[in-house]
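Colleague: I have a structure I would like to understand better, so I am pasting it below and will then ask my questions one at a time.
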Amino acid sequence: MKIIKDIFKHEKTALIVRYPKQIDWDKVLEAEKMANKIVEEDREVRFIHVSKEKIPEKFGDKVRGRWDLIKDDTIRVVEVDDFDYSACMGKHVKSAGKIEMIIITGIHSLRKDEYEIIFEVGREAKMRALELVKTLGEVSEIVGAEPFKLPATIKNIKSRLESFERNLRILSKERLKSINDYENVDGIKIYSKVLEGFDRNEVGKHIFDLTKDNKTIAVFANIDGEKATISAGKSNDLDIDLLTVVKAMCKKLGGNAGGKNRLIVGGCNSKNLRENFKEMVDDIKNSI
């Protein structure tokens, strides 16, 4: 693992590292234990000034540094007693114990083989650790599993959810095939229906399929608890502004919509949707 940048700001402390493998939390725990052991031992921090050309002779390849940015002939090497060596002119404590505690709070993949490791030190680390324990307890209560069993339990929940979503997609696809009723308005077929509990992506695909035929409009509302999705589309031969109509309805119900007339998708509250859906379909008819 190679450190390529460090960030020490009021709002965030982090290291940007290059690592050719996946960083897993077992390795994170090992690193935290090792770092906090150094802190507990209160290892001395030494400041050694040495000419740049003599660094290999004195330290071998142990010293970390942004050598492309260092122009001075004399380098200050910061040594954490027999553990870490870095070329740095920044502020440092005189012994590792002053740090009190180190805790890693997040890891983000930035790009291939590059990660941002976010951490806290000192009192902030202790407070964050307490907050994380609180969150762990809340999640444990919600999921109904002991804290140390949470990873396995959540993996199981995720697997079951993925299975449910697969089955929902299959069922939605089959049920959508049975929606054949349409209204003919001046030679234009208008498919419209309020659905409940359908897979959103399958609804969009079905609209694409229906509107492959000329002179066709399809608009469906899909209720999912307190929320709903409005999906609409038209065949390319029609010059009708569906987006304005769908946007107006979604805004009326506390949401918004976007997309192009080939496929428009909006989200809104499901309360009062059914009666407003009929009004929206009427507005579409009137625009023909």
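The values are calculated or read from the model by the stated rules, or taken from the named source; none is laboratory data. The shown structure was predicted, so the numbers you read here are calculated from the model rather than taken from an experiment. We place every Cβ from the backbone using ideal geometry, glycine too, and count neighbours over all the protein chains shown.
Colleague: If you go through the range 190-229 one residue at a time, how many are among the β-branched types (Val, Ile, Thr), under 15 Å from Ser270 (Cβ atoms) and in contact (Cβ under 8 Å) with a residue 40 or more places away in the chain?
Modeller: 2
For (1) surrounded by 10 or more Cβ atoms within 10 Å (Cβ to Cβ); (2) over 30 Å from Ile223 (Cβ atoms), each residue gets a yes or a no:
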position	(1), (2)
Val78	yes, yes
Gly90	no, yes
Met101	yes, yes
Ala145	yes, yes
Arg160	yes, no
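So that you can scan it fast, the table gives a plain yes or no per residue for (1) modelled with pLDDT of 90 or more; (2) of a type outside the set (Ser, Thr, Tyr); (3) on the phi > 0 side of the Ramachandran plot; (4) within 37 Å of the chain's Cα centre (by Cα):
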| site | (1), (2), (3), (4) |
| --- | --- |
| Glu32 | yes, yes, no, yes |
| Lys37 | yes, yes, no, yes |
| Glu57 | no, yes, no, no |
| Arg66 | no, yes, no, yes |
| Met101 | yes, yes, no, yes |
| Thr105 | yes, no, no, yes |
| Asp113 | yes, yes, yes, yes |
| Val143 | yes, yes, no, yes |
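Colleague: When only residues in the range 222-275 that are in contact with a helix residue (DSSP H, G or I) (Cβ under 8 Å, 6 or more places away or on another chain) and within 18 Å of Val185 (Cβ to Cβ) count, which is surrounded by the fewest Cβ atoms within 10 Å (Cβ to Cβ)?
Modeller: So the residue we want is Ile240.
Colleague: For the range 222-249, name all the residues that are out of contact with any Asp or Glu (no Cβ under 6 Å at 6 or more places or on another chain) and either assigned to a strand (DSSP E or B) or not assigned by TED's automatic domain parsing to the domain that holds Gly259 (or both).
Modeller: Those that are out of contact with any Asp or Glu (no Cβ under 6 Å at 6 or more places or on another chain) and either assigned to a strand (DSSP E or B) or not assigned by TED's automatic domain parsing to the domain that holds Gly259 (or both): Asn222, Asp224, Lys227, Ala228, Thr229, Ile230, Ser231, Ala232, Gly233, Lys234.
Colleague: Taking the options Ile154, Ile190, name whichever one is modelled with pLDDT of 95 or more and closer than 28 Å to Lys260 by Cβ. First the steps, then the outcome.
Modeller: Working: Ile154 fails: closer than 28 Å to Lys260 by Cβ.
After ruling out the rest, the residue left standing is Ile190.
Colleague: Another question, if that's okay. Consider only pairs whose beta carbons are under 6 Å apart and that are at least six residues apart or on different chains; among these, list those whose first residue lies in the range 11-38 and is within 14 Å of Met101 (Cα to Cα) and whose second residue is assigned to a helix (DSSP H, G or I) and of a type in the set (Gly, Ala, Ser).
Modeller: Once the first residue is within 14 Å of Met101 (Cα to Cα) and sits in the range 11-38, its partners that are assigned to a helix (DSSP H, G or I) and of a type in the set (Gly, Ala, Ser) give Ile38/Ala96.
Colleague: Against the definition (assigned to a helix (DSSP H, G or I), under 15 Å from Ile188 (Cβ atoms) and over 29 Å from the mean Cα position of the chain (by Cα)), how does Val219 come out, yes or no? It would help to see each step written out before you state the result.
Modeller: On the way: assigned to a helix (DSSP H, G or I): no; under 15 Å from Ile188 (Cβ atoms): yes; over 29 Å from the mean Cα position of the chain (by Cα): yes.
The answer is no for Val219.
Colleague: Follow-up. Is there any pair linking a residue in the range 49-61 that is in the same structural domain as Val78 (by TED's automatic domain parsing) to one that is part of a helix (DSSP H, G or I) and surrounded by 11 or more Cβ atoms within 10 Å (Cβ to Cβ), with Cβ under 7 Å and at least six apart or on different chains, and which?
Modeller: Val50/Lys58
Colleague: Give the range 260-270 a look and list any residue that's within 19 Å of Lys227 (Cα to Cα) and part of a strand (DSSP E or B), or say none. Can you show your working first?
Modeller: First pass over the range 260-270, keeping only residues within 19 Å of Lys227 (Cα to Cα): 264-270.
Selection gives Ile264, Val265, Gly266, Gly267, Cys268, Asn269.
Colleague: Across the range 189-207, which residue is surrounded by the most Cβ atoms within 10 Å (Cβ to Cβ) among those that are among the aliphatic types (A, V, I, L, M) and closer than 13 Å to Val281 by Cα?
Modeller: Selected residue: Ile190.
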